[in-house]
Amino acid sequence: MSVTLSRRELLKTGAAATAGLTFLRFAGPEAAPAQAAPAGNTEGSLQWKPTICNMCPNICGIKVGVKMVGGKERAVKIEGNPAHPYNQGRICARGQAGLRRQYSPDRLKTPLIRVEGSKRGEWAFRKATWDEAYDLIMKKVKEHNIQPYEMAILGAWNICLFYKAHRMVLAKVLQTPNIVSFQVQNCMLGQHFGLDSVVGSFNAHDDIVSDYANAKLILSLRSNASLTSASGRTRRFTDGLRNGAKVILLDPRMSEAAAKADVWLPVRPGTDQAVLLVILREMINRKTYDADFLTNYSNAPYLAMAAPKGPMVQMAMKPNEKTGKPGQFFVFDENSQSIVALPAPMNGNFKDINGNPVKPALIAPDGLTMDGKPVKTAFQFLAEKVQPYTAEWATDICDIPADTIAAVAEEFATTPGAMVDSGWYDSRFENSIQTWRTASLIQILTGGIDRPGGWYYNASTRELNKSFWDTMRAGEQPKMAPGMYMGFGMSNLFGNAENWSHGVPNVARVWSDQQWEAGNDGAAFTMVHYNGYPESMKGELSYNGKPYQLKFLLLTATNPVRSAYSDTVWKEALSSPKVPLIVAYDLLPQDTLLYADIILPDFSYLERGDQLYHAEQSLEAAYVARNPIEPIVDGRHMLDVFFELADRFGRLDPYIKGMAGLFGWDAEALGKTVKKARADGVPVGTPIRDMLINGMAKKKGVPVEKLQQIFTEQGVLPTASLDELLEEAGIPYKYPAPTLSGRIELYSIFFAGYTKKYGYKPNWDPLVAYMDPGWRPELSPKDSLADDECYFMHGHIPTMSHTSTANNDLLMAMTEQQGLLYTGIWINPQKAGKLGLKTGDAIALENTNTGQKATGTAFVTELIRPDTVFMASALGHENDQLSTAKG
């Protein structure tokens, strides 16, 4: 839909915002779109209330200007919160436009139930009460005899940021092994898995934070996030530019970030790894790596041997007899001139298993053997493996001149304080995992882990890591695990049939195992994946000879029709008559809701009273609370929905007990708080927050009124600075990394485990392996494309990041102000000339792998490679109920 706001009108919008933004239309339970009221029609003074933004996963700190309008509190302006340690007062266009989402006339206002006789895919619903909706859910469950393993709870970044633990407990008490987080598989897993296999983290964006401000040289790839994604990241990136950092950026198009770079390398899409491998080789050959860091805090000096067959390298290790996990690793000790065993997990390589001081050799002596087999250090194997990766080798792959690649590699290798950008989103290519593993290896060779100008673990990851190891050292069992421990623990929990009373593991595990058994590639890591879901929904999956049919889907603020691959697959699966119940909980009528049977309205982030949370992406430790205005729709908090479902299934008390146990809360206090809130008909989030603030006040020995005042006025309670956290819990200097060895892993123990179980695959080579991008099976980077073929790229633009941002008239107006620069399909003049295209012409794209098609308008520009086209990813919705995003 075209939104016609002129530049002057946009400026008026900003002026009116400070005066009250009364032109915004009210979206109350029975409201119809209203005409804009004159600005200034308000009573009382402006009051600023702090909270956190929810327009994207970065949850920046914001202040919301609230006025009394017609006797009701109304949000009229959003600004950044200077007290918040992440964004420090900055806020992006999407954050500013949060008011347009709050007061959107398209908001879901009451529960909706599909009209009898209508089909999924049609918007045919009637209004209902919450009790009516819940009653119908339970009626369907009983009518179709839906078993716990036939249920699934599907979500995206919102639930993962705020409610992943609550959902996990709910799934466990309801005995459903099926949970999905679409953003993990579609957005970040490729990037995170490669990075996390080295440093051990596993959470969300910015669990590893790049210290742009103190870097001397920044190498960035596959990401425009530093200038289009998050205010906190943009703040740090621009601080780096102001401080004189040089930026080298790899991107097939001149993105916003590339426009700020000193060197732009327009690599062929997906071939960034070739450049990275040249840099890795250069650092090793020039010996410009941090040998002390690698020797003392990584597993680079651990002894390994070539596998009997194939390219695999096997690390010498002895398992723990009780856990089966690695218990000992082996190094050549320069002090004793012998092979000695080191304990695992530990954070450093300073003492052997008997407590004796050791000095591991990064380079083992020639001819060293262990149990009669030749051994070398993992570092030596890596050094040998990267020797073929010269600039001349890379030039044919990434289509950048060899001398340019060589110059970039030399500059990075010889610049103290050089840093690789830790990235943002990348599940685009077959080689994403190994690309980011290569980037991480470069970073650890610099020694820049938890040090200025390098990569830091964020505060919440660090605090959880400290708590985990402290609990382990005390001989107790931690309730929550950090990083990869959590990821693989959850994968095992939900994928192991023995963990469930009914003996049925999750759909993704069943589907993947069957793929492996059939000789196909399945998924090794199946936590929160949707592999096998379409097949199960259509009745095409079985387990132990019986149908494994999903019958009840609870979609929580997720939009797989737009965000999962592919839309046609998901439309077909969601239309399946074999799935008798689809319940969607959301704020707006996203495209996926066309396939729901029951729709439950969410609160906006400005309405949602909630418990205390970590400032997730922040380097500083802080807690935040939120909810500046009261709800204007008949919605419910997600936790209220969880508690109600637990109650309806007869599992409320176990759910309360499970949550209390996981978070370390007082179960009796939580039970009283929850049950009173439910009896009073108020959302549970705010009473839980008050309960936690009371507990925090007692623990800190301060008046509860004082803490309430801090949260009310500042919205943030700082608990520790970065310097304090590093001194107390630096990783890996004070505490082990969240890896199986406890060290930073030049050699991935996790990937070695996959290789042992499933056989060697380049994607999980525990050292490094070059991989082609995998555009299509028969196409390599050296092959030519047909005249009408291009590589396809997608990504974020400054005004749009997610499917939800598209249905925002202010953001859409700002997007359309930029014309085809933002809304068009970018194509280079060389390719456009061959096809007879000019700017403004209609253009049709077809996926040569799947046959999927898209249409748009050509934007002919030199700012993209001749063999590549690009389009923004948040546009093109289908539901007529979306007044702005449709079309």
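The values are calculated or read from the model by the stated rules, or taken from the named source; none is laboratory data. Keep in mind it's a predicted model, so treat the numbers as computed, not measured. Cβ sites come from the backbone with ideal geometry, for glycine too, and all protein chains shown count toward neighbours.
Among what's in segment 261-306 and is without any contact (Cβ under 8 Å) to a residue 24 or more places away in the chain and in a loop (DSSP other than H, G, I, E, B), pick the residue that is surrounded by the fewest Cβ atoms within 10 Å (Cβ to Cβ).
Lys287
Out of (1) out of contact with any Cys (no Cβ under 7 Å at 6 or more places or on another chain); (2) buried (at least 21 other Cβ atoms within 10 Å of the Cβ); (3) modelled with pLDDT of 90 or more; (4) not aliphatic (A, V, I, L, M), what's the single condition that is false for Arg236?
(3)
Pick out, from segment 797-887, the helices (runs of 4 or more DSSP H) lying fully within it that include 1 or more residues that are more than 16 Å from Ala93 (Cα to Cα).
820-823, 829-835
Please verify whether Val528 is at negative phi and surrounded by 23 or more Cβ atoms within 10 Å (Cβ to Cβ), treating the condition exactly as stated.
Here the answer is no, as Val528 does not meet what is asked.
On the given criteria, is Gly310 under 27 Å from Ser432 (Cβ atoms), at pLDDT below 95 and surrounded by 23 or more Cβ atoms within 10 Å (Cβ to Cβ)?
Working: under 27 Å from Ser432 (Cβ atoms): yes; at pLDDT below 95: yes; surrounded by 23 or more Cβ atoms within 10 Å (Cβ to Cβ): no.
When the stated conditions are applied, Gly310 does not pass them.
Identify the residue in segment 653-686 that is surrounded by 20 or more Cβ atoms within 10 Å (Cβ to Cβ) and of a type in the set (A, V, I, L, M) and, among all such residues, is farthest from Thr51 (Cα to Cα).
Among those that are surrounded by 20 or more Cβ atoms within 10 Å (Cβ to Cβ) and of a type in the set (A, V, I, L, M), it is Ile656.
What is the residue count in segment 564-591 for residues that are closer than 17 Å to Lys538 by Cβ and assigned to a helix (DSSP H, G or I)?
The qualifying residues number 8.
Select from segment 384-407 the residues that are outside any helix (DSSP H, G or I), free of Cβ contacts under 8 Å to residues at least 24 places away in the same chain and closer than 15 Å to Val267 by Cα and list them in ascending order.
Scanning segment 384-407 gives a single hit, Pro401.
Can you tell me which residue in segment 333-377 is nearest to Tyr735 (Cα to Cα), limited to those that are in contact (Cβ under 8 Å) with a residue 60 or more places away in the chain and assigned to a strand (DSSP E or B)?
Looking at residues that are in contact (Cβ under 8 Å) with a residue 60 or more places away in the chain and assigned to a strand (DSSP E or B), I get Pro360.
Could you tell me which of the residues Leu662, Leu670, Leu707 is touching a helix residue (DSSP H, G or I) at 6+ places or on another chain (Cβ under 6 Å), assigned to a helix (DSSP H, G or I), more than 22 Å from Arg626 (Cα to Cα) and not small (Gly, Ala, Ser)?
After ruling out the rest, the residue left standing is Leu662.
Please go through (1) at pLDDT below 90; (2) closer than 22 Å to Pro482 by Cβ for Val180 and return the number of the only condition it doesn't satisfy.
(2)
Given the criteria within 32 Å of the chain's Cα centre (by Cα) and either at pLDDT below 95 or aliphatic (A, V, I, L, M) (or both), does Gly89 qualify?
Details: within 32 Å of the chain's Cα centre (by Cα): yes; either at pLDDT below 95 or aliphatic (A, V, I, L, M) (or both): yes.
Spelling it out, Gly89 is indeed within 32 Å of the chain's Cα centre (by Cα) and either at pLDDT below 95 or aliphatic (A, V, I, L, M) (or both).
Go through (1) closer than 22 Å to Met254 by Cα; (2) modelled with pLDDT of 85 or more; (3) not charged (D, E, K, R) and name the single condition Ala874 misses.
Ala874 satisfies every listed condition except (2).
For Ala75, indicate whether it is outside any loop (DSSP other than H, G, I, E, B) and surrounded by 22 or more Cβ atoms within 10 Å (Cβ to Cβ).
Numbers: outside any loop (DSSP other than H, G, I, E, B): yes; surrounded by 22 or more Cβ atoms within 10 Å (Cβ to Cβ): yes.
Yes, satisfied.
If only one of Asp366, Asp426, Asp421 is closer than 30 Å to Ser784 by Cα, of a type in the set (Asp, Glu) and out of contact with any His (no Cβ under 7 Å at 6 or more places or on another chain), which one is it?
Asp426
Tell me which residues, restricted to segment 777-793, are within 32 Å of the chain's Cα centre (by Cα) and either over 16 Å from Asp251 (Cα atoms) or at pLDDT below 85 (or both). If you could, list the steps in order and put the result at the bottom.
We begin by selecting, within segment 777-793, every residue within 32 Å of the chain's Cα centre (by Cα); these are 777-781, 789-793.
Matches in segment 777-793: Pro777, Glu778, Leu779, Ser780, Glu789.
Quick one: which helices (runs of 4 or more DSSP H) sit completely within segment 467-548 and have at least 1 residues that are more than 16 Å from Ala171 (Cβ to Cβ), under 26 Å from the mean Cα position of the chain (by Cα) and assigned by TED's automatic domain parsing to the domain that holds Lys657?
Result: 507-517, 533-537.
Which one of these is in contact (Cβ under 8 Å) with a residue 60 or more places away in the chain, of a type outside the set (S, T, N, Q) and assigned by TED's automatic domain parsing to the domain that holds Asn214: Arg437, Arg462?
Arg437
Among the residues of segment 716-725, is there at least one that is assigned to a helix (DSSP H, G or I), of a type in the set (Ser, Thr, Tyr) and surrounded by fewer than 19 Cβ atoms within 10 Å (Cβ to Cβ)?
no
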